[in-house]
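Engineer: Can you read through this structure? Questions will come right after.
The values are calculated or read from the model by the stated rules, or taken from the named source; none is laboratory data. Predicted model only: the values in this text are computed from it and were never measured. Reconstructed Cβ throughout: ideal geometry from the backbone, glycine too, with neighbour counts over all protein chains shown.
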Amino acid sequence: MSENVYPVSPEWAARAWLDEAKYKEMYKRSIDDPNGFWGEMGQRLDWIKPYTKVKNTSYDPHDVRIRWYEDGSLNVCYNCVDRHLPTRADQNAIIWEGDDPTEDEQITYRQLHERVCKFANVLKANGVKKGDRVTIYLPMIPEAAYAMLACARIGAIHSVVFGGFSPDSLMNRIADADSKFVITSDEGVRGGRAIPLKKNTDDAITAGNLSDMKVLVVRRTGGAVDMVPGRDLWLHEELVKVSADCPIEEMNAEDPLFILYTSGSTGQPKGVVHTSGGYLLFAGLTHQYIFDYHDGDIYWCTADVGWVTGHSYIIYGPLSNGATTLMFEGVPNYPTASRFWHVVDKWQVNIFYTAPTAIRALMGAGDDFVNRTDRSSLRLLGSVGEPINPEAWIWYYRVVGNSRCPIVDTWWQTETGGILISPLPGAMALKPGSATLPFFGVQPALVDEHGNELEGAVNGNLIIKDSWPGQMRTVFRDHDRFVQTYFSTYKGNYFTGDGARRDEDGYWWITGRVDDVLNVSGHRMGTAEVESALVAHPKVSEAAVVGYPHAIKGQGIYCYVTLNAGEAVTDELKAELVKHVRAEIGPIASPDLIQFSGGLPKTRSGKIMRRILRKIAEDDFSNLGDTSTLADPLVVEDLIGNRQNRKVTG
Ligand code: PRX
């Protein structure tokens, strides 16, 4: 093996569910005999009608079909809640830690059951039926979990929208899902600041001219809100009207469980559809083995339920395993940069899962914030969302984990439903920055731009050759877009949009997106979305957006903007554009750098040469490549010369 390897410790080899030999044996079987392997794994769930078929999938672009356990039926909420009651009624299902460190709540499985049933009855009493889409726009409060599970209980399809999205982004997601029911709260709180979620919802409904809507409002802060009679309902007023008895809806394994919008390289975000059986099985299985979850462990994933990580690894995976899952409303640096570690000590967290951007920010705050806490309960650390640089990995390992805790660097995507490439902590030696080896049933491969498969230790485009149960099934109401986006570039394979390197030990190193998708602080966004927000501003004529390396965020947003003739370049205008993009998409899309330019580098046929823009954004001018095909080569010199004026003050 190559340099810088962290072998499995003897304690871990002894305690973990899986050691190296077992991993190899199970992996081989999952590939050689997927029906046998997944047929057995499917038994982890409680089925209403047992399945007799396991895998029915095709990546043929003429017939893309992904079905698992297709003749079985089950209920996801039953699997996450009811089935644990005989053995775990008094165990905590959810530990909630508020933004304010003095606020918390422990919710047992018995309480979770009662609250979810009542929540589900409120939905039913207000007309929500099986198959209806329910939009959830909530902060990180227990009601977000109740709402998701209540939908699952009655067969409604939830579409969670991250609370950091703007009214316009919310409106587009409500409209695309054709959703008539929104669940929100008066306000959210993060880092001591209130976020006007109900007002944003009102603005979204007005902006989209959406009719026949119902809005269910959770009281979180008590802040003043306008309630529209006949449309808006307070949750607490509805709850007193319903019983705690709510039968489960029988769902086919392939019935949709949720839609989650995610950005691609073109157009509006896509509604990624995940279904009931295969998704839940895969979320639970990966949660157990990758985090090595054992009964009694306290598990904490710091993601927001607005992202897929929150769906699979705060709610569905852990709860299907009868785990105790911690839900955190706040941010890593409030009230101080010790907050994560105070929470770890307070609840004696054993397994901790976060994003590289948070690790880098906390690393920047200094070791003292970590060292003054105990953290001896920690056993395993996880990372997700973007490549973790070896420096941050080693700091996380050494300082946070006191060189005792393995790190699972988990690579996956909204589309994949669960983790595809990751260490299993008892089975694999670690290398800082590598996601190591594939999970059961996952067959990664590398191809060049023509689709030729590459062998050995190389860099290439990352594809997956066959289906796994957690894979997305379609784009909501747009199966052609699903086929086009994922199965047409490298025919017969799923294209991830990521680049990767396989090393001489067969380890996988994800290098980042190879398409026009940005990953800013682990938030995924299309350059096209930011560009269309910019050109919607009346003073902007043209815009091109690229990513550039950013010490904390991983990638920053670099905008090249051409103004309409006669518009003056000012710092105020820069600040105004930043504000404009935040209002159009949300604060996560704030431009980091804006460079005004007289023109953009285009080919004679008018195509913007993004390769050149990326190089300039990276301050790498030695390697601009062939600029002879540019319509106006002087544009490039002008762009390089004006770089110093790109700072954003707003
Ligand atoms: O580029 C990869 C990066 O995040 C993308 C998926 O983003 P999203 O759908 O928002 O899901 C994020 C949480 C699963 C991927 O295409 N990514 C995710 N995890 C890693 C990663 N890049 C490198 N290493 C990872 N562990």
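Engineer: Quick check: is even one residue across segment 102-113 among the charged types (D, E, K, R), at pLDDT 95 or above and part of a helix (DSSP H, G or I)?
Structural biologist: So far as segment 102-113 goes, yes, one or more of its residues are among the charged types (D, E, K, R), at pLDDT 95 or above and part of a helix (DSSP H, G or I).
Engineer: Name the single residue, out of those in segment 498-513 being more than 12 Å from the ligand (Cβ to nearest atom) and not charged (D, E, K, R), that is surrounded by the fewest Cβ atoms within 10 Å (Cβ to Cβ).
Structural biologist: GLY506
Engineer: Among the listed residues ALA253, ALA283, which satisfies the condition of being in contact (Cβ under 8 Å) with a residue 24 or more places away in the chain, within 16 Å of the ligand (Cβ to nearest atom) and among the small types (Gly, Ala, Ser)?
Structural biologist: Step by step, each of ALA253, ALA283 is checked, and only ALA283 is in contact (Cβ under 8 Å) with a residue 24 or more places away in the chain, within 16 Å of the ligand (Cβ to nearest atom) and among the small types (Gly, Ala, Ser).
Engineer: Look at VAL399 and say whether it is over 24 Å from the mean Cα position of the chain (by Cα) and either crowded, with 21+ Cβ neighbours inside 10 Å or under 25 Å from GLU103 (Cβ atoms) (or both).
Structural biologist: It is false that VAL399 is over 24 Å from the mean Cα position of the chain (by Cα) and either crowded, with 21+ Cβ neighbours inside 10 Å or under 25 Å from GLU103 (Cβ atoms) (or both).
Engineer: Another one. Output the number of the condition that GLN443 fails; it satisfies all remaining conditions of (1) among the polar types (S, T, N, Q); (2) touching a strand residue (DSSP E or B) at 6+ places or on another chain (Cβ under 8 Å); (3) within 15 Å of the ligand (Cβ to nearest atom).
Structural biologist: So GLN443 meets the others, but not (3).
Engineer: While we're looking at this one, here's another question. Considering only residues that are part of a loop (DSSP other than H, G, I, E, B) and surrounded by fewer than 24 Cβ atoms within 10 Å (Cβ to Cβ), look in segment 408-427 and name the one that is farthest from the ligand (Cβ to nearest atom).
Structural biologist: GLY426
Engineer: Select from segment 385-407 the residues that are farther than 17 Å from ALA361 by Cβ, more than 16 Å from the ligand (Cβ to nearest atom) and in contact with a helix residue (DSSP H, G or I) (Cβ under 8 Å, 6 or more places away or on another chain) and list them in ascending order.
Structural biologist: SER403, CYS405
Engineer: A further question on this structure: Among (1) part of a strand (DSSP E or B); (2) among the hydrophobic types (A, V, I, L, M, F, W, C); (3) surrounded by fewer than 14 Cβ atoms within 10 Å (Cβ to Cβ), which single condition is ILE66 missing?
Structural biologist: Unmet for ILE66, out of (1) part of a strand (DSSP E or B); (2) among the hydrophobic types (A, V, I, L, M, F, W, C); (3) surrounded by fewer than 14 Cβ atoms within 10 Å (Cβ to Cβ): (3).
Engineer: Answer yes or no: is there a residue in segment 595-604 that is part of a loop (DSSP other than H, G, I, E, B) and either in contact with a His (Cβ under 7 Å, 6 or more places away or on another chain) or within 16 Å of the ligand (Cβ to nearest atom) (or both).
Structural biologist: Scanning segment 595-604 turns up no residue that is part of a loop (DSSP other than H, G, I, E, B) and either in contact with a His (Cβ under 7 Å, 6 or more places away or on another chain) or within 16 Å of the ligand (Cβ to nearest atom) (or both).
Engineer: Okay, moving on. Any residue at all in segment 362-378 that is of a type in the set (A, V, I, L, M, F, W, C), touching a residue at least 12 places away in the same chain (Cβ under 8 Å) and within 15 Å of the ligand (Cβ to nearest atom)?
Structural biologist: no
Engineer: Ok, one more. Those residues that are within 12 Å of the chain's Cα centre (by Cα) and closer than 14 Å to GLN288 by Cβ, I need them from segment 411-428; list them, please.
Structural biologist: Once the filter is applied, which keeps residues that are within 12 Å of the chain's Cα centre (by Cα) and closer than 14 Å to GLN288 by Cβ, segment 411-428 yields GLY418, ILE419.
Engineer: If I filter segment 174-195 for residues that are under 20 Å from ALA244 (Cβ atoms), crowded, with 21+ Cβ neighbours inside 10 Å and of a type in the set (Val, Ile, Thr), do I get at least one hit?
Structural biologist: The answer is yes; a qualifying residue exists.
Yes/no per residue for (1) out of contact with any Asp or Glu (no Cβ under 9 Å at 6 or more places or on another chain); (2) of a type in the set (A, V, I, L, M); (3) modelled with pLDDT under 95:
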residue: ALA21; (1), (2), (3): yes, yes, no
residue: ILE31; (1), (2), (3): no, yes, no
residue: PRO34; (1), (2), (3): no, no, no
residue: ARG67; (1), (2), (3): no, no, no
residue: TYR78; (1), (2), (3): no, no, no
residue: ILE95; (1), (2), (3): no, yes, no
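Engineer: Check segment 434-448 and report whether any residue there is assigned to a strand (DSSP E or B), among the polar types (S, T, N, Q), closer than 21 Å to PRO406 by Cβ and more than 19 Å from the chain's Cα centre (by Cα).
Structural biologist: For segment 434-448, residues assigned to a strand (DSSP E or B), among the polar types (S, T, N, Q), closer than 21 Å to PRO406 by Cβ and more than 19 Å from the chain's Cα centre (by Cα): present.
Engineer: Report, by residue number, each residue of segment 569-586 that is at pLDDT 95 or above, at negative phi and not charged (D, E, K, R).
Structural biologist: Within segment 569-586, LEU573, ALA575, LEU577, VAL578, HIS580, VAL581, ALA583, ILE585 qualify.
Engineer: Among (1) at negative phi; (2) more than 12 Å from the ligand (Cβ to nearest atom); (3) modelled with pLDDT of 95 or more, there is one condition ASP516 misses while meeting the rest; what is its number?
Structural biologist: For ASP516, the failing item is (3).
Engineer: May I pose another question? Residue pairs, Cβ under 8 Å, 6 or more apart or interchain, first in segment 394-418 and farther than 30 Å from PHE258 by Cβ, second hydrophobic (A, V, I, L, M, F, W, C) and near the ligand (Cβ under 10 Å from one of its atoms). List them.
Structural biologist: TYR396/ILE388
Engineer: Right, here's the next one. If a residue counts only when it is within 28 Å of GLU114 (Cβ to Cβ) and not aromatic (Phe, Trp, Tyr), which strands (runs of 3 or more DSSP E) contained entirely in segment 159-278 have at least 3 such residues?
Structural biologist: Because the criterion is at least 3 residues that are within 28 Å of GLU114 (Cβ to Cβ) and not aromatic (Phe, Trp, Tyr), the strands (runs of 3 or more DSSP E) in segment 159-278 that meet it are 181-185, 214-218, 256-262.
One line per residue, one yes/no per condition, for (1) within 20 Å of ASN519 (Cβ to Cβ); (2) at pLDDT below 95; (3) away from the ligand (no atom under 11 Å from the Cβ); (4) surrounded by 24 or more Cβ atoms within 10 Å (Cβ to Cβ):
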position: LEU260; (1), (2), (3), (4): yes, no, no, yes
position: GLY264; (1), (2), (3), (4): yes, yes, no, no
position: TYR279; (1), (2), (3), (4): no, no, yes, yes
position: TYR313; (1), (2), (3), (4): yes, no, no, yes
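Engineer: Ok, one more. What number of residues within segment 219-258 satisfy the criterion of being surrounded by fewer than 18 Cβ atoms within 10 Å (Cβ to Cβ) and of a type in the set (Asp, Glu)?
Structural biologist: Adding up the residues that qualify gives 4.
Engineer: Okay, next question. Quick one: PHE495 ticks every box in (1) surrounded by fewer than 20 Cβ atoms within 10 Å (Cβ to Cβ); (2) at pLDDT 95 or above; (3) within 15 Å of the ligand (Cβ to nearest atom) except a single one, so which number is it?
Structural biologist: Unmet for PHE495, out of (1) surrounded by fewer than 20 Cβ atoms within 10 Å (Cβ to Cβ); (2) at pLDDT 95 or above; (3) within 15 Å of the ligand (Cβ to nearest atom): (1).
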